[in-house]
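S.K.: Next up is a structure, given as C-alpha coordinates.
The values are calculated or read from the model by the stated rules, or taken from the named source; none is laboratory data. All figures in this text were calculated on a predicted structure; none of them were measured in a lab. Methodologically, a virtual Cβ is constructed for each residue, glycine included, from the backbone with ideal geometry; neighbour enumeration extends over all protein chains shown. Note: accessible area is taken over every heavy atom of the protein model, side chains too, but ligands, DNA and RNA are not part of it. Shrake-Rupley method; radii C 1.70, N 1.55, O 1.52, S 1.80 Å.
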Amino acid sequence: AGLAARLACLLAVAASLARADTPTLSAGATHTCAIDASDAAHCWGENSRGQIDVPTASDAAGTPITGWRAVAASKGGCHSCGVTNEGDLLCWGCDDDGELGPPPEVVGRRWVAVAAGKGFTCAIDAVARAIWCWGRFLPKMPVGGAWDGPWAFVTAGEDFVCAVARDDGSASSRGGRAQCKGWSPFGQTEVPKTGETKWRFLSAGFQHVCGVDALGAARCWGSDLFGETNLVPVVDPQGATVKTIADVVAKMENTDDLSDTETKIVKHAATLTSFTETAQTFSYDGDPGDSRANVWGSIAAGNHWSCGVLGPMRSLACWGKKRKYEPGGVVAPLYDEYGVVSFPNDVCGNRFLVVAAGATHACAVTDEREIGGLDVSTYTNGSESFPPLDVPEEAPSSYEGGRMVCWGDASGGKTSPPPLVSEWRAWPTSADAFDLGVAFAPSAFAATGANHGSCGASTSGVPYATTTRAVARRTLLSWFTMALFLMFLMFA
(Lines give C-alpha, C1' and ligand atoms only; values in the text may rest on other atoms or scores of the structure.)
Protein backbone atom coordinates (compact mmCIF):
# COMPACT_ATOMS: atom_id res chain seq x y z
CA ALA A 1 0.00 0.00 0.00
CA GLY A 2 2.90 2.33 0.82
CA LEU A 3 4.50 1.65 -2.57
CA ALA A 4 1.19 2.20 -4.35
CA ALA A 5 0.71 5.52 -2.62
CA ARG A 6 4.19 6.68 -3.55
CA LEU A 7 3.68 5.54 -7.13
CA ALA A 8 0.43 7.52 -7.30
CA CYS A 9 2.23 10.56 -5.92
CA LEU A 10 5.04 10.27 -8.47
CA LEU A 11 2.66 9.86 -11.39
CA ALA A 12 0.61 12.85 -10.29
CA VAL A 13 3.71 15.01 -10.08
CA ALA A 14 5.09 13.76 -13.39
CA ALA A 15 1.82 14.29 -15.24
CA SER A 16 1.61 17.87 -14.07
CA LEU A 17 5.20 18.86 -14.78
CA ALA A 18 4.76 21.70 -17.26
CA ARG A 19 6.56 24.40 -15.29
CA ALA A 20 5.29 27.85 -14.53
CA ASP A 21 8.40 29.83 -15.34
CA THR A 22 12.10 29.31 -15.60
CA PRO A 23 15.49 30.48 -14.32
CA THR A 24 16.91 30.00 -17.82
CA LEU A 25 15.63 33.37 -19.13
CA SER A 26 15.88 36.74 -17.37
CA ALA A 27 15.20 40.30 -18.59
CA GLY A 28 16.69 43.20 -16.67
CA ALA A 29 16.44 46.95 -16.99
CA THR A 30 18.88 47.29 -19.89
CA HIS A 31 19.97 43.76 -20.81
CA THR A 32 18.83 40.16 -21.11
CA CYS A 33 20.40 36.81 -20.18
CA ALA A 34 19.39 33.29 -21.22
CA ILE A 35 20.66 29.72 -21.48
CA ASP A 36 20.72 27.86 -24.79
CA ALA A 37 20.09 24.20 -25.53
CA SER A 38 23.71 23.25 -24.82
CA ASP A 39 23.59 24.90 -21.36
CA ALA A 40 25.75 27.84 -22.52
CA ALA A 41 24.81 31.24 -21.06
CA HIS A 42 24.43 34.37 -23.20
CA CYS A 43 23.71 37.99 -22.28
CA TRP A 44 22.93 40.86 -24.66
CA GLY A 45 22.08 44.54 -24.45
CA GLU A 46 23.85 47.42 -22.75
CA ASN A 47 27.41 46.62 -21.65
CA SER A 48 28.58 49.85 -20.03
CA ARG A 49 29.66 47.97 -16.90
CA GLY A 50 30.46 44.54 -18.29
CA GLN A 51 27.02 43.12 -17.43
CA ILE A 52 26.84 41.00 -20.58
CA ASP A 53 30.38 39.61 -20.36
CA VAL A 54 29.54 36.06 -19.29
CA PRO A 55 32.49 34.37 -17.52
CA THR A 56 34.14 31.37 -19.13
CA ALA A 57 35.95 30.14 -16.00
CA SER A 58 34.52 29.38 -12.56
CA ASP A 59 37.60 30.41 -10.54
CA ALA A 60 40.88 32.28 -10.65
CA ALA A 61 42.66 29.09 -11.68
CA GLY A 62 40.75 29.12 -14.95
CA THR A 63 38.57 26.06 -14.38
CA PRO A 64 36.30 25.99 -17.45
CA ILE A 65 32.55 26.22 -17.00
CA THR A 66 30.81 23.19 -18.50
CA GLY A 67 27.32 24.67 -18.43
CA TRP A 68 24.77 26.80 -16.59
CA ARG A 69 21.53 25.98 -14.79
CA ALA A 70 20.34 29.52 -13.94
CA VAL A 71 20.91 33.15 -14.95
CA ALA A 72 19.67 36.50 -13.62
CA ALA A 73 19.80 39.96 -15.22
CA SER A 74 19.49 42.75 -12.67
CA LYS A 75 16.13 44.50 -12.35
CA GLY A 76 17.07 48.16 -12.28
CA GLY A 77 20.80 47.57 -11.93
CA CYS A 78 23.83 46.82 -14.06
CA HIS A 79 25.01 43.37 -13.07
CA SER A 80 24.24 39.73 -13.90
CA CYS A 81 24.62 36.45 -12.06
CA GLY A 82 24.46 32.77 -12.86
CA VAL A 83 24.68 29.31 -11.29
CA THR A 84 26.78 26.72 -13.11
CA ASN A 85 25.85 23.07 -13.47
CA GLU A 86 28.43 22.34 -10.76
CA GLY A 87 26.68 24.74 -8.35
CA ASP A 88 29.17 27.61 -8.51
CA LEU A 89 27.65 31.08 -8.18
CA LEU A 90 29.23 33.83 -10.29
CA CYS A 91 28.30 37.49 -10.76
CA TRP A 92 29.65 40.09 -13.18
CA GLY A 93 29.06 43.72 -14.12
CA CYS A 94 28.92 46.75 -11.77
CA ASP A 95 29.75 46.38 -8.09
CA ASP A 96 28.73 49.74 -6.64
CA ASP A 97 27.04 48.21 -3.58
CA GLY A 98 28.88 44.92 -3.24
CA GLU A 99 26.30 43.07 -5.36
CA LEU A 100 28.97 40.92 -7.00
CA GLY A 101 29.94 39.39 -3.68
CA PRO A 102 31.76 37.24 -2.91
CA PRO A 103 28.71 35.25 -1.75
CA PRO A 104 28.57 33.99 1.84
CA GLU A 105 30.42 30.83 2.81
CA VAL A 106 27.67 28.23 2.99
CA VAL A 107 27.78 24.52 3.80
CA GLY A 108 28.81 22.66 0.66
CA ARG A 109 29.63 25.95 -1.13
CA ARG A 110 27.03 25.14 -3.76
CA TRP A 111 23.97 27.06 -4.99
CA VAL A 112 20.79 26.20 -6.90
CA ALA A 113 19.09 29.53 -7.74
CA VAL A 114 19.89 33.24 -7.98
CA ALA A 115 18.08 36.58 -8.41
CA ALA A 116 19.48 40.07 -9.06
CA GLY A 117 17.96 43.43 -8.09
CA LYS A 118 19.25 46.99 -8.14
CA GLY A 119 22.51 46.79 -6.24
CA PHE A 120 21.86 43.46 -4.54
CA THR A 121 21.90 39.73 -5.21
CA CYS A 122 20.00 36.88 -3.52
CA ALA A 123 20.57 33.16 -3.94
CA ILE A 124 19.44 29.79 -2.55
CA ASP A 125 22.12 27.48 -1.18
CA ALA A 126 22.10 23.80 -2.14
CA VAL A 127 22.11 22.29 1.35
CA ALA A 128 19.88 24.31 3.70
CA ARG A 129 17.83 25.78 0.83
CA ALA A 130 17.97 29.12 2.63
CA ILE A 131 18.10 32.50 0.88
CA TRP A 132 21.17 34.67 1.33
CA CYS A 133 21.41 38.27 0.10
CA TRP A 134 24.29 40.70 -0.22
CA GLY A 135 24.82 44.19 -1.57
CA ARG A 136 22.35 47.01 -0.95
CA PHE A 137 20.33 46.96 2.28
CA LEU A 138 16.80 45.55 2.12
CA PRO A 139 14.36 46.05 5.03
CA LYS A 140 13.37 42.91 6.99
CA MET A 141 16.11 40.86 5.37
CA PRO A 142 18.67 39.27 7.71
CA VAL A 143 21.91 41.25 7.59
CA GLY A 144 24.67 38.77 6.86
CA GLY A 145 22.39 35.86 7.77
CA ALA A 146 20.04 33.39 6.15
CA TRP A 147 16.37 33.72 5.32
CA ASP A 148 15.40 30.22 6.38
CA GLY A 149 13.28 28.08 4.06
CA PRO A 150 13.44 25.61 2.53
CA TRP A 151 12.87 27.66 -0.63
CA ALA A 152 12.35 26.48 -4.20
CA PHE A 153 12.50 29.75 -6.13
CA VAL A 154 13.65 33.35 -5.61
CA THR A 155 12.87 36.44 -7.70
CA ALA A 156 14.15 39.99 -7.25
CA GLY A 157 12.40 43.25 -8.02
CA GLU A 158 14.18 46.58 -8.20
CA ASP A 159 14.40 46.90 -4.39
CA PHE A 160 12.64 43.86 -2.93
CA VAL A 161 12.77 40.09 -3.15
CA CYS A 162 10.12 37.32 -3.19
CA ALA A 163 10.37 33.57 -2.76
CA VAL A 164 8.26 30.43 -3.14
CA ALA A 165 8.82 27.61 -0.67
CA ARG A 166 9.36 23.98 -1.55
CA ASP A 167 6.19 21.98 -1.10
CA ASP A 168 5.95 18.54 0.52
CA GLY A 169 5.94 16.71 -2.81
CA SER A 170 2.62 14.99 -2.14
CA ALA A 171 0.08 14.28 -4.85
CA SER A 172 -2.31 16.82 -3.32
CA SER A 173 0.29 19.57 -3.09
CA ARG A 174 0.41 21.98 -6.03
CA GLY A 175 2.58 24.79 -4.76
CA GLY A 176 4.35 26.39 -1.86
CA ARG A 177 3.85 29.35 0.44
CA ALA A 178 5.12 32.71 -0.77
CA GLN A 179 6.75 35.60 1.02
CA CYS A 180 8.30 38.92 0.01
CA LYS A 181 10.69 41.28 1.83
CA GLY A 182 12.28 44.62 1.12
CA TRP A 183 11.09 48.13 0.30
CA SER A 184 7.33 48.27 -0.21
CA PRO A 185 5.92 51.74 -0.94
CA PHE A 186 3.21 50.23 -3.16
CA GLY A 187 2.53 47.16 -1.04
CA GLN A 188 4.52 44.91 -3.38
CA THR A 189 5.80 42.77 -0.49
CA GLU A 190 2.28 42.10 0.86
CA VAL A 191 1.34 38.71 -0.62
CA PRO A 192 -2.47 38.34 -0.87
CA LYS A 193 -3.88 36.18 1.89
CA THR A 194 -7.33 35.65 0.39
CA GLY A 195 -8.26 32.73 -1.85
CA GLU A 196 -5.63 30.14 -2.70
CA THR A 197 -2.60 30.58 -0.43
CA LYS A 198 -0.10 28.34 -2.23
CA TRP A 199 1.82 29.47 -5.26
CA ARG A 200 3.49 27.87 -8.22
CA PHE A 201 5.54 30.89 -9.18
CA LEU A 202 6.10 34.60 -8.53
CA SER A 203 7.66 37.28 -10.73
CA ALA A 204 8.92 40.44 -9.04
CA GLY A 205 8.77 43.53 -11.21
CA PHE A 206 9.85 47.06 -10.48
CA GLN A 207 6.94 48.12 -8.24
CA HIS A 208 4.58 45.13 -8.42
CA VAL A 209 4.48 41.35 -8.33
CA CYS A 210 2.57 38.81 -10.39
CA GLY A 211 2.15 35.15 -9.59
CA VAL A 212 0.37 31.94 -10.51
CA ASP A 213 -1.38 30.28 -7.60
CA ALA A 214 -1.83 26.57 -6.97
CA LEU A 215 -5.04 26.50 -9.02
CA GLY A 216 -3.41 28.11 -12.05
CA ALA A 217 -5.01 31.53 -11.54
CA ALA A 218 -2.93 34.67 -12.12
CA ARG A 219 -2.89 37.40 -9.49
CA CYS A 220 -0.87 40.59 -9.20
CA TRP A 221 -0.35 43.11 -6.40
CA GLY A 222 1.57 46.28 -5.64
CA SER A 223 1.54 49.33 -7.90
CA ASP A 224 -1.51 49.67 -10.13
CA LEU A 225 -0.89 53.08 -11.68
CA PHE A 226 -1.54 51.73 -15.18
CA GLY A 227 -3.62 48.62 -14.52
CA GLU A 228 -0.58 46.37 -14.21
CA THR A 229 -2.19 44.46 -11.35
CA ASN A 230 -5.94 44.73 -11.99
CA LEU A 231 -6.11 44.27 -15.75
CA VAL A 232 -5.14 40.58 -15.68
CA PRO A 233 -7.04 39.21 -18.71
CA VAL A 234 -9.87 36.76 -18.17
CA VAL A 235 -11.67 34.50 -20.65
CA ASP A 236 -15.44 34.28 -20.15
CA PRO A 237 -16.63 30.66 -20.54
CA GLN A 238 -19.92 32.03 -21.86
CA GLY A 239 -18.18 34.11 -24.52
CA ALA A 240 -19.43 37.44 -23.18
CA THR A 241 -18.55 40.47 -25.30
CA VAL A 242 -18.27 44.16 -24.50
CA LYS A 243 -17.44 46.23 -27.57
CA THR A 244 -18.44 49.82 -27.01
CA ILE A 245 -18.68 52.38 -24.22
CA ALA A 246 -22.47 52.10 -24.49
CA ASP A 247 -22.17 48.37 -23.87
CA VAL A 248 -20.01 49.08 -20.84
CA VAL A 249 -22.56 51.50 -19.40
CA ALA A 250 -25.40 49.06 -20.06
CA LYS A 251 -23.52 46.22 -18.43
CA MET A 252 -22.53 48.33 -15.44
CA GLU A 253 -26.18 49.21 -14.84
CA ASN A 254 -27.09 45.54 -14.65
CA THR A 255 -24.19 44.08 -12.70
CA ASP A 256 -26.55 41.90 -10.67
CA ASP A 257 -27.11 39.82 -13.78
CA LEU A 258 -23.40 39.28 -14.42
CA SER A 259 -21.20 36.39 -13.43
CA ASP A 260 -17.93 37.07 -11.60
CA THR A 261 -16.04 36.65 -14.86
CA GLU A 262 -18.36 39.02 -16.73
CA THR A 263 -18.01 41.55 -13.93
CA LYS A 264 -14.23 41.49 -14.31
CA ILE A 265 -14.52 41.95 -18.07
CA VAL A 266 -16.86 44.91 -17.66
CA LYS A 267 -14.57 46.55 -15.11
CA HIS A 268 -11.61 46.04 -17.43
CA ALA A 269 -13.57 47.60 -20.27
CA ALA A 270 -14.44 50.60 -18.13
CA THR A 271 -10.78 51.13 -17.23
CA LEU A 272 -9.54 50.72 -20.79
CA THR A 273 -12.12 53.07 -22.28
CA SER A 274 -11.52 55.71 -19.60
CA PHE A 275 -7.71 55.66 -19.49
CA THR A 276 -6.05 55.64 -22.89
CA GLU A 277 -2.61 55.22 -21.32
CA THR A 278 -3.53 51.64 -20.42
CA ALA A 279 -3.87 48.65 -22.71
CA GLN A 280 -4.70 44.96 -22.66
CA THR A 281 -3.62 42.74 -25.54
CA PHE A 282 -4.30 39.04 -25.73
CA SER A 283 -5.90 36.33 -27.77
CA TYR A 284 -7.59 33.12 -26.74
CA ASP A 285 -7.40 30.38 -29.33
CA GLY A 286 -9.79 27.63 -28.38
CA ASP A 287 -13.06 26.85 -26.68
CA PRO A 288 -13.88 29.52 -24.04
CA GLY A 289 -15.69 26.80 -22.10
CA ASP A 290 -12.50 24.77 -21.69
CA SER A 291 -11.75 24.37 -17.99
CA ARG A 292 -8.17 25.42 -18.71
CA ALA A 293 -9.11 28.67 -20.45
CA ASN A 294 -8.02 30.77 -17.48
CA VAL A 295 -5.07 28.62 -16.44
CA TRP A 296 -1.78 30.49 -16.59
CA GLY A 297 1.75 29.24 -17.10
CA SER A 298 4.63 31.68 -17.27
CA ILE A 299 3.97 35.19 -15.97
CA ALA A 300 6.24 38.23 -15.80
CA ALA A 301 6.06 41.62 -14.08
CA GLY A 302 7.76 44.56 -15.80
CA ASN A 303 7.74 48.29 -15.11
CA HIS A 304 4.02 49.11 -14.70
CA TRP A 305 3.08 46.36 -17.16
CA SER A 306 2.82 42.58 -17.11
CA CYS A 307 2.79 39.66 -19.56
CA GLY A 308 1.88 36.00 -19.25
CA VAL A 309 1.10 32.78 -21.07
CA LEU A 310 -2.64 32.03 -21.05
CA GLY A 311 -4.74 28.96 -21.75
CA PRO A 312 -4.12 25.53 -23.26
CA MET A 313 -2.89 27.08 -26.51
CA ARG A 314 -0.22 29.00 -24.58
CA SER A 315 -1.12 32.39 -26.02
CA LEU A 316 0.67 35.59 -25.02
CA ALA A 317 -1.19 38.20 -23.00
CA CYS A 318 0.11 41.63 -21.89
CA TRP A 319 -1.53 44.44 -19.95
CA GLY A 320 -0.75 47.72 -18.19
CA LYS A 321 1.21 50.80 -19.25
CA LYS A 322 0.75 52.10 -22.76
CA ARG A 323 1.05 55.85 -22.54
CA LYS A 324 0.10 57.91 -25.56
CA TYR A 325 1.35 61.47 -26.07
CA GLU A 326 1.44 63.72 -29.08
CA PRO A 327 4.67 63.29 -31.08
CA GLY A 328 7.14 66.08 -30.34
CA GLY A 329 5.46 67.01 -27.07
CA VAL A 330 7.40 68.04 -23.98
CA VAL A 331 6.74 64.80 -22.08
CA ALA A 332 6.85 62.43 -25.06
CA PRO A 333 10.57 61.59 -24.70
CA LEU A 334 9.99 60.67 -21.05
CA TYR A 335 7.04 58.38 -21.70
CA ASP A 336 7.69 56.66 -25.00
CA GLU A 337 5.32 53.92 -26.05
CA TYR A 338 7.69 51.00 -26.48
CA GLY A 339 5.10 48.54 -27.75
CA VAL A 340 5.62 46.04 -24.95
CA VAL A 341 1.93 45.73 -24.06
CA SER A 342 0.60 46.27 -27.59
CA PHE A 343 3.16 43.90 -29.02
CA PRO A 344 3.81 43.70 -32.78
CA ASN A 345 1.97 41.21 -34.95
CA ASP A 346 5.08 39.16 -35.64
CA VAL A 347 5.09 38.21 -31.96
CA CYS A 348 1.56 36.82 -32.31
CA GLY A 349 0.81 33.41 -33.71
CA ASN A 350 3.38 31.58 -31.58
CA ARG A 351 2.80 29.03 -28.87
CA PHE A 352 4.73 30.46 -25.93
CA LEU A 353 6.64 28.52 -23.33
CA VAL A 354 8.05 31.24 -21.06
CA VAL A 355 8.18 35.04 -20.97
CA ALA A 356 10.46 37.45 -19.08
CA ALA A 357 9.90 41.18 -18.50
CA GLY A 358 12.44 43.96 -18.21
CA ALA A 359 11.76 47.65 -17.74
CA THR A 360 10.71 48.50 -21.29
CA HIS A 361 11.25 45.22 -23.16
CA ALA A 362 10.30 41.57 -23.00
CA CYS A 363 11.69 38.29 -24.32
CA ALA A 364 10.05 34.89 -24.65
CA VAL A 365 10.87 31.39 -25.80
CA THR A 366 8.35 29.82 -28.18
CA ASP A 367 8.02 26.17 -29.10
CA GLU A 368 8.16 26.96 -32.81
CA ARG A 369 11.31 24.87 -33.08
CA GLU A 370 10.65 22.28 -30.39
CA ILE A 371 12.97 19.27 -30.50
CA GLY A 372 11.11 16.07 -31.25
CA GLY A 373 8.26 17.94 -32.91
CA LEU A 374 9.38 20.48 -35.49
CA ASP A 375 12.34 20.97 -37.78
CA VAL A 376 15.47 22.38 -36.15
CA SER A 377 17.71 22.05 -39.18
CA THR A 378 18.08 25.76 -39.87
CA TYR A 379 17.57 29.12 -38.26
CA THR A 380 16.47 32.05 -40.37
CA ASN A 381 17.16 35.65 -39.42
CA GLY A 382 15.82 37.92 -42.13
CA SER A 383 17.37 36.83 -45.41
CA GLU A 384 20.18 34.85 -43.79
CA SER A 385 20.04 31.20 -42.75
CA PHE A 386 22.40 29.60 -40.29
CA PRO A 387 22.97 26.00 -39.25
CA PRO A 388 21.94 25.22 -35.67
CA LEU A 389 24.69 25.60 -33.10
CA ASP A 390 25.02 23.62 -29.88
CA VAL A 391 21.74 21.74 -30.25
CA PRO A 392 21.91 18.47 -28.29
CA GLU A 393 21.81 15.44 -30.60
CA GLU A 394 19.72 13.42 -28.19
CA ALA A 395 17.62 15.76 -26.11
CA PRO A 396 15.53 14.08 -23.40
CA SER A 397 11.81 13.90 -24.13
CA SER A 398 11.09 16.24 -21.23
CA TYR A 399 13.21 18.94 -22.87
CA GLU A 400 11.34 21.80 -24.49
CA GLY A 401 13.02 24.71 -26.14
CA GLY A 402 12.61 26.93 -29.11
CA ARG A 403 13.10 30.24 -30.81
CA MET A 404 13.73 33.41 -28.82
CA VAL A 405 11.53 36.42 -29.62
CA CYS A 406 12.00 39.87 -28.05
CA TRP A 407 10.05 43.09 -28.43
CA GLY A 408 9.69 46.58 -26.96
CA ASP A 409 12.42 49.18 -26.52
CA ALA A 410 15.33 48.00 -28.68
CA SER A 411 17.91 50.54 -27.47
CA GLY A 412 21.23 49.06 -26.48
CA GLY A 413 20.46 45.81 -28.28
CA LYS A 414 18.53 44.22 -25.40
CA THR A 415 15.91 42.83 -27.80
CA SER A 416 18.51 41.28 -30.12
CA PRO A 417 19.56 37.80 -28.97
CA PRO A 418 22.59 36.16 -30.65
CA PRO A 419 21.38 35.18 -34.15
CA LEU A 420 23.56 32.07 -34.37
CA VAL A 421 21.87 30.39 -31.41
CA SER A 422 19.02 28.40 -32.91
CA GLU A 423 17.61 26.74 -29.80
CA TRP A 424 17.03 28.22 -26.36
CA ARG A 425 16.33 26.25 -23.22
CA ALA A 426 12.86 27.12 -21.99
CA TRP A 427 13.08 24.96 -18.88
CA PRO A 428 15.67 23.52 -16.54
CA THR A 429 16.31 19.80 -16.88
CA SER A 430 13.85 17.49 -15.14
CA ALA A 431 16.51 16.68 -12.56
CA ASP A 432 17.03 20.38 -11.79
CA ALA A 433 13.29 20.99 -11.56
CA PHE A 434 12.82 18.20 -9.02
CA ASP A 435 15.91 19.36 -7.16
CA LEU A 436 14.48 22.86 -6.81
CA GLY A 437 11.18 21.54 -5.50
CA VAL A 438 7.79 20.68 -6.92
CA ALA A 439 6.48 24.17 -6.16
CA PHE A 440 8.77 25.44 -8.88
CA ALA A 441 7.30 23.21 -11.56
CA PRO A 442 3.90 21.78 -10.75
CA SER A 443 1.05 21.96 -13.25
CA ALA A 444 0.11 24.09 -16.19
CA PHE A 445 -1.07 23.01 -19.59
CA ALA A 446 -2.31 19.62 -20.71
CA ALA A 447 -3.17 20.80 -24.20
CA THR A 448 -1.29 22.46 -26.97
CA GLY A 449 -2.21 23.34 -30.50
CA ALA A 450 -1.29 24.85 -33.81
CA ASN A 451 -2.75 27.26 -36.36
CA HIS A 452 -2.91 30.24 -34.04
CA GLY A 453 -5.21 33.12 -34.89
CA SER A 454 -4.25 36.77 -34.99
CA CYS A 455 -4.20 38.95 -31.92
CA GLY A 456 -4.49 42.66 -31.32
CA ALA A 457 -5.06 45.38 -28.77
CA SER A 458 -8.37 45.48 -26.96
CA THR A 459 -9.81 48.77 -25.82
CA SER A 460 -12.96 47.17 -24.50
CA GLY A 461 -11.71 44.33 -22.34
CA VAL A 462 -12.50 41.68 -24.94
CA PRO A 463 -9.74 39.80 -26.75
CA TYR A 464 -9.45 40.23 -30.49
CA ALA A 465 -8.80 36.72 -31.73
CA THR A 466 -9.76 33.99 -34.11
CA THR A 467 -10.74 30.63 -32.72
CA THR A 468 -8.80 27.55 -33.64
CA ARG A 469 -8.92 23.95 -32.60
CA ALA A 470 -6.94 22.66 -29.66
CA VAL A 471 -5.04 19.42 -29.75
CA ALA A 472 -4.73 17.55 -26.48
CA ARG A 473 -1.30 16.62 -25.32
CA ARG A 474 0.27 15.78 -21.99
CA THR A 475 3.82 16.82 -21.18
CA LEU A 476 5.47 13.99 -19.23
CA LEU A 477 8.87 13.29 -17.84
CA SER A 478 11.24 11.33 -19.97
CA TRP A 479 10.84 7.56 -19.63
CA PHE A 480 14.42 7.34 -18.48
CA THR A 481 13.82 9.76 -15.59
CA MET A 482 10.57 7.98 -14.76
CA ALA A 483 12.34 4.64 -14.60
CA LEU A 484 14.93 6.00 -12.18
CA PHE A 485 12.23 7.30 -9.84
CA LEU A 486 10.30 4.04 -10.03
CA MET A 487 13.42 2.10 -9.09
CA PHE A 488 14.00 4.47 -6.19
CA LEU A 489 10.45 3.98 -4.93
CA MET A 490 10.59 0.23 -5.25
CA PHE A 491 13.80 -0.16 -3.30
CA ALA A 492 13.51 2.76 -0.84
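S.K.: Keeping all protein chains in the complex and leaving out DNA, RNA and ligands, what accessible area do you get for ARG174 with a 1.4 Å probe, in Å² to the nearest 10?
M.R.: Spelled out: ARG174, probe radius 1.4 Å, area about 110 Å².
S.K.: Would you mind checking which residues have amide H under 5 Å from LYS414's amide H? H placed 1.01 Å from N; only 5 or more apart, or other chain.
M.R.: So LYS414 has HN proximity to GLU46.
S.K.: Applying a 10 Å radius around every beta-carbon, put 110-117, 46-53, 414-421 in order of their mean neighbour count, most first. It would help to have the intermediate numbers written out before the result.
M.R.: Numbers: 110-117: 26.1, 46-53: 17.4, 414-421: 18.9.
Taking the mean over residues of other Cβ atoms within 10 Å, the ranking is 110-117, 414-421, 46-53.
S.K.: Would you kindly derive the ³J(HN,Hα) couplings of the stretch 290-295 from the backbone phi angles with the Karplus curve 6.51 cos²θ - 1.76 cosθ + 1.60 (θ = phi - 60°), listing them in order in whole Hz, with x for Gly and Pro?
M.R.: Once rounded to whole Hz, the list reads 4, 5, 9, 4, 10, 8.
S.K.: In nm, to one decimal, how far is the ASP97 label point from the ASN345 one, both placed 7 Å along Cα→Cβ?
M.R.: 4.4 nm
S.K.: A further question follows. Rounded to the nearest 0.05, what FRET efficiency do ALA61 and SER274 have when you use their Cβ-Cβ distance and R0 = 51 Å?
M.R.: Values: r = 62 Å, r/R0 = 1.21.
Calculated transfer efficiency: 0.25.
S.K.: Which FRET efficiency, nearest 0.05, do LEU225 and ASN47 yield, Cβ-Cβ r, R0 22 Å? Numbers along the way, then the final one.
M.R.: On the way: r = 31 Å, r/R0 = 1.40.
Efficiency at R0 = 22 Å is approximately 0.10.
S.K.: With each pseudo-label sitting 7 Å past Cα toward Cβ, what's the SER38-ALA146 distance in nm, one decimal?
M.R.: Taking the two extended label points, one gets 3.7 nm.
S.K.: I need the semi-axes of the equivalent ellipsoid of the stretch 275-315: take the C-alpha gyration tensor, multiply each eigenvalue by 5, square-root it, list largest first in whole angstrom.
M.R.: Numbers: eigenvalues 98, 33, 9 Å².
Largest first, the stretch 275-315 gives 22, 13, 7 Å.
S.K.: Show me 260-270, 119-129 ranked by packing, highest mean number of other Cβ atoms within 10 Å first. Working shown, then result.
M.R.: Working: 260-270: 19.4, 119-129: 23.1.
The packing order, highest mean first, is 119-129, 260-270.
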